[in-house]
1. Kyte-Doolittle mean at least -1.0 and Cα extent at least 15 Å along the axis: which DSSP H helices of the chain qualify?
2. So which of K44/K181; K27/K181; K44/K98 end up more than 22 Å apart, counting from Cα to Cα?
3. Using 0.36 nm per residue of separation minus the Cα-Cα distance, give me the extension gain between Y175 and L69 in nm, one decimal.
4. Where the centre of each part is set by its Cα atoms, how far does region 73-90 sit from region 10-56, in angstrom?
5. Sort 205-211, 172-178, 24-30 by packing, meaning the average of other beta carbons within 10 Å per residue, with the highest value first.
6. For the pair R86 and A192, what calculated FRET efficiency results from E = 1/(1 + (r/R0)^6), where r is the Cβ-Cβ distance and R0 = 45 Å, to the nearest 0.05?
7. What does the highest-first list of 142-152, 88-98, 183-193, 157-167 look like by mean Cβ count within 10 Å?
8. In nanometres, what is the gap between the two model label sites at R40 and V163, each 7 Å from Cα along Cα-to-Cβ?
Amino acid sequence: RVLTLVSSRSKKETRFLAVVGASGSGKSSLVRAGLVPALRWGEKSVDWYFHILTPTTHPLESLATSLTLENPSITSTAILMDDLARNERALHLFAKRKLPPERNTHLLLVIDQFEETFALCRSEDERASFIGNLLTAASEADGPVIVVVTLRADFYAHCATYVQLREALAGNQEYIGAMSKDELRRAIEEPAGRGNWEIEPGLVDVLLRDIGQEPGA
């Protein structure tokens with residue numbers, strides 16, 4: 001789905017994907033341990049730039065800090081924060097400068113625990129600027145920015161206030177449920193197998209019985 005967002009057939013589509021699910025359903029693991037490594041090693045996305053962050057209390061600061069991490073300085077981070085606060089096209093313009101113009105590459109922004117934008121941030125202006133920059137950058141025709149967010153389902157209604165975000169969520173989301181027993185078994189056994197570990201017979205059954213239906217199992 002992410003690769004489809006940057007295909008020639010999807011130039012008018014917002015390069016945005018939300019992974020939505022209940023607390024503990026594995027959204028962050030799916031994106032951080034599944035999607036991002038797959039893209040890093042993928043033939044079509046091996047030269048992409050990746051930034052993974054959580055909004056925290058100050059989402060603009062978190063975003064600016066992540067984007068300036070390669071050349072860290074208080075001045076560069078502060079300047080970018082001010083630009084993001086003043087202009088919703090600042091993220092798009094920064095990405096255009098950051099990425100090599102001769103290569104058709106992309107910048108993937110993963111905003112993990114996107115619900116912190118509403119739960120922790122106390123400034124409506126900062127929240128609106130953060131959301132505005134993300135969606136504006138992801139909507140620019142032929143722009144390089146792709147935005148993937150993980151969102152707790154109980155914060156879904158908070159997104160409705162922001163028109164761009166509401167429209168992006170309406171057509172670009174993957175709603176995940178709790179893992180089945182077979183999926184949990186694979187999550188335990190397959191990584192062990194790749195590392196040439198042998199699991200004691202019956203141990204996985206004990207683990208699955210102990211886990212039950214606990215959130216985040």
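The values are calculated or read from the model by the stated rules, or taken from the named source; none is laboratory data. Nothing here was measured: the structure is a model prediction, and the numbers come from that model. With ideal geometry, Cβ positions are generated from the backbone for all residues, glycine too; neighbour counts draw on all protein chains shown. SASA here: full protein model, heavy atoms, side chains in, ligands and nucleic acids out. Shrake-Rupley method; radii C 1.70, N 1.55, O 1.52, S 1.80 Å.
1. The answer, listed by residue number, is 74-86, 124-139.
2. Among K44/K181; K27/K181; K44/K98, the Cα-Cα distance tops 22 Å for K44/K181.
3. Details: separation 106, 0.36 × 106 = 38.16 nm, distance 3.14 nm.
This chain segment gains 35.0 nm when fully extended.
4. Result: 24 Å between the Cα centres.
5. On the way: 205-211: 11.7, 172-178: 15.0, 24-30: 18.3.
Ranking the peptides 205-211, 172-178, 24-30 by packing returns 24-30, 172-178, 205-211.
6. 0.35
7. Values: 142-152: 22.5, 88-98: 18.4, 183-193: 13.0, 157-167: 14.8.
Result, highest mean first: 142-152, 88-98, 157-167, 183-193.
8. Roughly 3.9 nm, to one decimal.
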